[in-house]
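Student: First, the structure itself, so that you have it in front of you.
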Amino acid sequence: MILPIYIYNHPVLRQRALPIRHVDDAIRALADNMFETMHNANGIGLAANQVGLRHAMIVVDISDMDEGDSTPPLCLLNPRIAASSETEIEYEEGCLSVPGIRDLVVRPDAVTVEYDDLELRHHRIEASGLLARVLQHEIDHLNGVYFFDRVSPVRRALLKNKLKKIERGNFECSYPTVHPVVNDEARL
Ligand code: NI
């Protein structure tokens, strides 16, 4: 099922996610729905608060990106960054919750991420390149952080008017959305 994606500046996008301690049918269905929602929006990552839920869950699928990467689609519960490389790189990011805005963000080039799978088995993965980038962006969402929070102050000042427009509900999307001004469905 395709879920509507919550748009800036909906309060749920500033809330911290809550750990998932038990996996039931609802959590498994959410994982399926988040993959479907992300693919429908041509995204490569999605966090649960982007569909209005405070579960600590993200989905990532970079298998279509042309990097020679064979990373399978991943669903991560309770993900956290355990270690980051000292080397940082600049890369252009966008976000399904911030339509029409892209900007350069500096982040560590590689990260170690710990997470649980849908059987609550613990995993530790080393990620670099695009996968590391998407994981950091999505884990930020679970902490209420947007990519533009990490844009340099000068560039962020340039984004201010664009963000105001989105905040007022002046944006276009090819996928279903929930916006606090336009159509808050109060699903929380
Ligand atoms: Ni995002």
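Please treat every number below as a calculation from the coordinates, not as lab data. No experiment lies behind these values; they were computed from the predicted model shown. When we count neighbours, we look across all protein chains shown, and the Cβ atoms used for this are built from the backbone with ideal geometry, even at glycine.
Student: Using a simple charge model, +1 on the beta-carbon of Lys and Arg, -1 on the beta-carbon of Asp and Glu, nothing else, what dipole does segment 5-179 show about its Cα centre, in debye to the nearest 20?
Tutor: 1060 debye
Student: Checking a compactness column here: for segment 139-188, what do you get for Rg(Cα) / (2.2 N^0.38 Å), N being the number of residues? Walk me through the numbers before you get to the answer.
Tutor: Working: Rg = 12.9 Å, N = 50, 2.2 N^0.38 = 9.7 Å.
Cα Rg divided by the expected 2.2 N^0.38 Å: 1.33.
Student: Ok, one more. Based solely on its DSSP helices, what 222 nm [θ] is calculated for the chain when runs of n ≥ 4 H residues each add -39,500 (n - 2.57) and the sum is averaged over all residues, nearest 500 deg cm²/dmol?
Tutor: That calculation yields -8000 deg cm²/dmol at 222 nm.
Student: Could I ask something else about it? Give the residue list of GluC sites (Glu not before Pro) in segment 65-106 that are DSSP loop and have at most 14 other beta-carbon atoms within 10 angstrom.
Tutor: E67, E86
Student: Sorted by packing (mean other beta-carbon atoms within 10 Å per residue), highest first, where do 51-63, 10-22 land?
Tutor: Packing proxy ranking, top to bottom: 51-63, 10-22.
Student: Relative contact order (percent) for segment 99-188, with alpha-carbon contacts under 8 angstrom and 6 or more residues of separation?
Tutor: 27 percent
Student: Residues of segment 110-129 with amide nitrogen under 15 Å from the 7 Å Cα-to-Cβ point of A83?
Tutor: Correct set: 110-115, 124-128.
Student: Right, something else. If you wrap a convex hull around the Cα atoms of the chain, how much volume per residue is inside, in Å³?
Tutor: 113 Å³
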